[in-house]
Amino acid sequence: MIDKSSNRGEGPTPAAIREAVVDAAMCGLRRRRTPSRKNPLYVPPTPADAAWTHVYGTARAFVEWATDANINLATTGLRERDDSQASNIRAVRDCANIFRALVEQIDAQ
């Protein structure tokens, strides 16, 4: 409507400006729906699924890292430290105990 009046050399009327502003505002409020790119078959993991994924993911990552060379580096690094490593050693032992208990539960099933 504004374009027609400006083509004739006249300025737009206040009503035409108001209508253009309202139309622009309404277009902004109306969300244009784009097609969803989400997989329609996706089912989010349950808390139990997520926990198991975390456990085996952590185990796999450690197994991949734990080459003889990396284990030797880690134990050498432990010996070279000047500060107390008691809490870190306790954490490694706790981890080993937790994994041992988990393996026992898995084997019992």
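The values are calculated or read from the model by the stated rules, or taken from the named source; none is laboratory data. Quantities reported herein were computed from a predicted structural model and do not represent experimental measurements. For neighbour counting, all protein chains shown are included, and Cβ atoms are generated from backbone atoms with ideal geometry for every residue, glycine included.
Suppose we keep only residues that are among the hydroxyl-bearing types (Ser, Thr, Tyr) and within 32 Å of the chain's Cα centre (by Cα) within region 66-109. Which one would you say is surrounded by the fewest Cβ atoms within 10 Å (Cβ to Cβ)? Here the answer is SER87. Only residues that are surrounded by 11 or more Cβ atoms within 10 Å (Cβ to Cβ), modelled with pLDDT of 70 or more and hydroxyl-bearing (Ser, Thr, Tyr) were counted across region 1-53, and they come to 2. Against the test of being part of a loop (DSSP other than H, G, I, E, B), aliphatic (A, V, I, L, M) and within 27 Å of the chain's Cα centre (by Cα), the options VAL43, VAL63 yield a single qualifying residue, VAL43.
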